[in-house]
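K.L.:
Below is one structure. I have some questions about it.
None of the figures in this text is laboratory data; all of them are computed from the coordinates on show. The model shown is predicted, which means the values in this text are computed figures rather than measured ones. Ideal geometry is used to build each Cβ from the backbone, glycine not excepted, and the neighbour counts take in all protein chains shown.
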Amino acid sequence: MIRNLAGSVLALAGATAAVWSPFRAWYDGRHGRDYAIDELFTGITDARPEVIGSVLAPFLFAALLTLLGVLLRSRLLVAFAGLVVLGFTVLWMVRVGQAEGGLTVGGDGAGLGDGVANALGGGVLLLIGALVMSGRSRAPHRGDRPPPRSPRPPSDGPRPGDPDPREDPRAHPQAPAPYAATQTYDVPVWDPDRERRNPPPGS
């Protein structure tokens, strides 16, 4: 929860800086809103486009992605928004460097302005926010937990797979054995010598 909150704050701050950057000076005092979006692919000219057709358009799109990513807790959307901001800013720097023969940084308003710094910083903040966010928490899968066993009513008989208590000798520890204990008897052995010595009476 804390990571999502901190990442959302960083992402929103980065989106705000990116949207604000075209209203600042980008190069030689010329604002970012004065560069047409199609000039990033065809070449930089001196034409002044409408605001909606300037480099502000991709930054507004990135801000919309950031809002959706924060609401949905999607790290991918926030990271993609940061890549959009950085990608268009780097592409602008390449085109301006080609048109001017190189990029310079001056302290008197010449060269790169603070608008470019705001755009680059906003893109970096978006990427950091995406890394800080923990994303949506996943609920445990139902297959990971065995289904709860419902208690069996006392009147029900044994269920399939349960051992039969009639066949389990431990179920009736006091039940008598089915057969009596075996007893042994001594049977006399016939001895002919003894019979001759002691003939039976009447013989």
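K.L.:
Work through the residues other than Gly7 whose Cβ is under 15 Å from its Cβ and net out their charges, Lys, Arg +1 and Asp, Glu -1.
P.N.:
Summing Lys/Arg as +1 and Asp/Glu as -1 gives +4.
K.L.:
State the dimensionless ratio Rg/Rh of the stretch 69-133 (Rg: radius of gyration of Cα atoms; Rh: Kirkwood radius).
P.N.:
Rg/Rh: 1.12.
K.L.:
Another question, if that's okay. Using a 7 Å offset from the Cα along the Cα-to-Cβ direction at both Arg48 and Val94, what is the distance between the two label points in nm, to one decimal?
P.N.:
That separation, rounded to one decimal, is 2.9 nm.
K.L.:
All other residues with a Cβ under 12 Å from the Cβ of Ile37 taken together, and with Lys, Arg as +1 and Asp, Glu as -1, what is their net charge?
P.N.:
-2
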